[in-house]
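Participant: Sending over a structure as structure tokens; questions will come in a sec.
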Amino acid sequence: MVRFDDELVDRETVGKLLDYVELESIRKRSQLSEEKAVELADDIDRAVWEQVKHKYEYE
């Protein structure tokens, strides 16, 4: 258990710290290479664009 003085650190900052720690924990356990992560992100970008491009195209 870790305690922080409310006068020194606000709850939002503590929340951000905990989110960062959780993200780092997930990242370290991941078997996903950086190359595969970029490929996955590109696939997601293309899929999202296909779903929203009609909002940005002029007729």
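Participant: Would it be correct to say that VAL2 is hydrophobic (A, V, I, L, M, F, W, C) and at pLDDT 95 or above?
Facilitator: Judged against the criteria, VAL2 is not a match.
Participant: Of all residues in region 9-31, how many are surrounded by 10 or more Cβ atoms within 10 Å (Cβ to Cβ) and over 15 Å from the mean Cα position of the chain (by Cα)?
Facilitator: 4
The values are calculated or read from the model by the stated rules, or taken from the named source; none is laboratory data. Being a predicted model, the structure only gives us computed values, none of them experimental. No Cβ is skipped: glycine too gets one built from the backbone with ideal geometry, and neighbour counts run over all protein chains shown.
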